[in-house]
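Notes to accompany the following structure.
The values are calculated or read from the model by the stated rules, or taken from the named source; none is laboratory data. Here the structure is a predicted model, which means the values were calculated and not measured. Backbone-built Cβ (ideal geometry, glycine too); neighbour counts: all protein chains shown. For the accessible areas, the whole protein counts, side chains as well, though only heavy atoms, and no ligand, DNA or RNA atoms are used. Shrake-Rupley method; radii C 1.70, N 1.55, O 1.52, S 1.80 Å.
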Amino acid sequence: MREPYVLEAGGVSVRFGGVKALTGVSLGVRAGEVCGLIGPNGAGKTTLFDVLSGIRRPDRGRLLLDGADITRRSPVWRARHGMRRTFQRQQLFGQLSVADNVLVGQEWRGGGGGLAADLIASPARRRRERERRERGARVLADCGIGPLEASYAGGLPVGQARMVELARAVADPPRVLLLDEPASGMSAPERERLAGVVRRLAEEEGCAVLLVEHNVAFVMDLCARVVVLDFGTVLAEGTAAEVRADPLVREAYLGVA
């Protein structure tokens with residue numbers, strides 16, 4: 001018997017005026033699984049990510065987290081219950097250091113002891129701060145950007161900036177990770193590092209990973225299962241080999257008749 005989905009979308013539809021961005025889309029991702037979401041430009045991939053992360057509410061359908069309906073839950077609620085997301089366009093705090101960008105990803109839990117503890121720098125507050133910085137340093141090292149921790153994030157090239165975004169997203173261990181074109185702008189070695197980090201998150205921490213990516217070879221190599229969107233509907237779903245061999249996918253997306 002297969003494990004149930006950690007995150008599941010059921011019959012999701014979204015319209016922008018007269019344009020149908022998504023029509024009856026259903027998919028899910030299990031704990032410890034890396035699932036790829038591919039499709040041509042305008043297929044609805046980012047719209048679906050907006051729905052999954054709570055930025056946009058669907059016109060129809062529902063979303064489940066561990067079987068509980070979260071369709072009306074806010075992005076903040078979802079983040080605090082283990083859902084993390086990166087974006088197509090880099091969303092870093094450019095004036096902060098790399099280390100502080102990653103620290104931000106852990107600050108929502110609070111410092112402990114409130115304002116008074118901050119003002120007097122209580123031992124508990126200092127200990128929690130030290131633990132978070134140590135966690136951040138480990139994550140940066142895993143992402144291959146440990147030597148950049150003191151650099152300003154706004155001055156980094158695209159590939160390194162995307163790794164900082166990934167590090168910030170996983171500094172507080174996620175249960176579900178949504179990656180929107182994480183390999184865009186990366187060199188081959190950076191893509192290899194990215195793939196290694198994602199695999200470890202899935203295999204060692206049981207994180208459910210759903211990623212959108214235009215680099216088909218990267219997706220096919222990394223993902224155990226692939227879902228193809230086309231014109232806002234699910235065109236195909238299966239293993240990388242099954243999807244690659246699907247004649248509809250070959251014609252609509254891979255450019256092979």
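Tabulated data for the structure shown
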{"quantity": "Simple spin-label estimate for residue 188 and residue 59 in nanometres, 7 Å along Cα-Cβ", "calculated": "4.5"}
{"quantity": "Residue 234 accessible area, 1.4 Å probe, all protein chains in place, Å² to nearest 10", "calculated": "60"}
{"quantity": "Peptide ranges 179-189, 203-213 listed from the most packed, as the mean C-beta count within 10 angstrom indicates", "calculated": "203-213, 179-189"}
{"quantity": "Residue-level accessible surface for residue 23, protein heavy atoms, 1.4 Å, Å²", "calculated": "60"}
{"quantity": "Sum of -39500 (n - 2.57) over DSSP H runs of 4+, divided by residues of the chain (222 nm, nearest 500)", "calculated": "-11500 deg cm²/dmol"}
{"quantity": "Which labelled figure in (1) 19.1, 69; (2) 18.5, 57; (3) 17.4, 53 is Rg and Dmax of the Cα atoms in Å, once derived from the coordinates", "calculated": "(1)"}
{"quantity": "Using a Förster distance of 35 Å, the FRET efficiency for residue 233-residue 96 (Cβ separation, nearest 0.05)", "calculated": "0.30"}
{"quantity": "Amide H contacts under 5 Å for residue 181, placed H, 5+ residues apart", "calculated": "212, 213"}
{"quantity": "Relative contact order, percent, the chain [alpha-carbon distance under 8 Å, six or more residues apart]", "calculated": "28"}
{"quantity": "Spin-label model distance (nm) - residue 158 vs residue 80, 7 Å beyond Cα toward Cβ", "calculated": "3.6"}
{"quantity": "Segment 135-203: relative contact order as a whole-number percent, Cα under 8 Å and 6+ apart", "calculated": "36"}
{"quantity": "Residue 221-residue 3 FRET efficiency (beta carbon distance; Förster radius 25 Å; 0.05 resolution)", "calculated": "0.60"}
